[in-house]
Amino acid sequence: MTKSTPNFWEIKKLDEMSRDEWESLCDGCAKCCLHKIECVDSGDIYFTNVVCQYLDHDSCRCTVYNERHTKVPDCVEFDQRKAVDFEWLPETCAYRLLAKGQSLPDWHPLISGTTTSVHAKERTIKAWMVSELDVIDLEDHIIGKL
């Protein structure tokens, strides 16, 4: 019996990954694309069900990904150097899991081999997201606290 080669996410630290490896960690749940509200007094962060106008509601992927920081200047940017700040990401997020030394879930596309597994396991926001273009008062769309 031959030993299988470990996957890159099992042997590399986040800051050792290539840009392509880093990008492939995204499972496409789009939870990081939810608009958030920070309470000025407490610093608590509240998630809404509202997403950027550039998020494709079927694929849960950004339609202007390479231009996102130009088109949406406050779009959150995070990379390998900021792994310690991943506490605001969903608990199932690959970046957060790997930063904590945990494994990827079986529905993650890198494990399942298909990008549809995240949708099949209902791990995306696809069924309940609302476009920012349809929202007047963001506070009316708070769904929970981080």
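The values are calculated or read from the model by the stated rules, or taken from the named source; none is laboratory data. All figures in this text were calculated on a predicted structure; none of them were measured in a lab. Positions of Cβ are generated from backbone atoms using ideal geometry, with glycine treated the same way; all protein chains shown enter the neighbour counts. Surface areas here come from the heavy atoms of the whole protein model, side chains and all, with no ligands, DNA or RNA. Shrake-Rupley method; radii C 1.70, N 1.55, O 1.52, S 1.80 Å.
The table for this structure:
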{"read-out": "Residues being within 17 Å of Cys32 (Cβ to Cβ) and among the acidic types (Asp, Glu) - total across the stretch 123-146", "value": "1"}
{"read-out": "Condition check for Leu104: among the aliphatic types (A, V, I, L, M), open to solvent by less than 90 Å² (accessible area, probe 1.4 Å) and part of a helix (DSSP H, G or I)", "value": "no"}
{"read-out": "Residues of the stretch 1-46 satisfying the condition of being open to solvent by less than 60 Å² (accessible area, probe 1.4 Å), without any contact (Cβ under 8 Å) to a residue 40 or more places away in the chain and polar (S, T, N, Q)", "value": "Ser18"}
{"read-out": "Residues satisfying the stated conditions in the stretch 48-67, i.e. open to solvent by less than 40 Å² (accessible area, probe 1.4 Å) and outside any loop (DSSP other than H, G, I, E, B)", "value": "Thr48, Asn49, Val50, Val51, Leu55"}
{"read-out": "Selection status of Leu89, at pLDDT below 90 and either farther than 19 Å from Leu133 by Cα or open to solvent by less than 90 Å² (accessible area, probe 1.4 Å) (or both)", "value": "yes"}
{"read-out": "Complete set of residues in the stretch 98-117 that are closer than 21 Å to Cys33 by Cβ and touching a Ser or Thr at 6+ places or on another chain (Cβ under 7 Å)", "value": "Pro105, Trp107, Pro109, Leu110"}
{"read-out": "Single unsatisfied condition, Gly43 versus (1) under 18 Å from Pro109 (Cβ atoms); (2) part of a loop (DSSP other than H, G, I, E, B)", "value": "(1)"}
{"read-out": "Positions within the stretch 117-144 being open to solvent by less than 80 Å² (accessible area, probe 1.4 Å), out of contact with any strand residue (DSSP E or B) (no Cβ under 6 Å at 6 or more places or on another chain) and assigned to a loop (DSSP other than H, G, I, E, B), in sequence order", "value": "Thr124, Ile125, Asp137"}
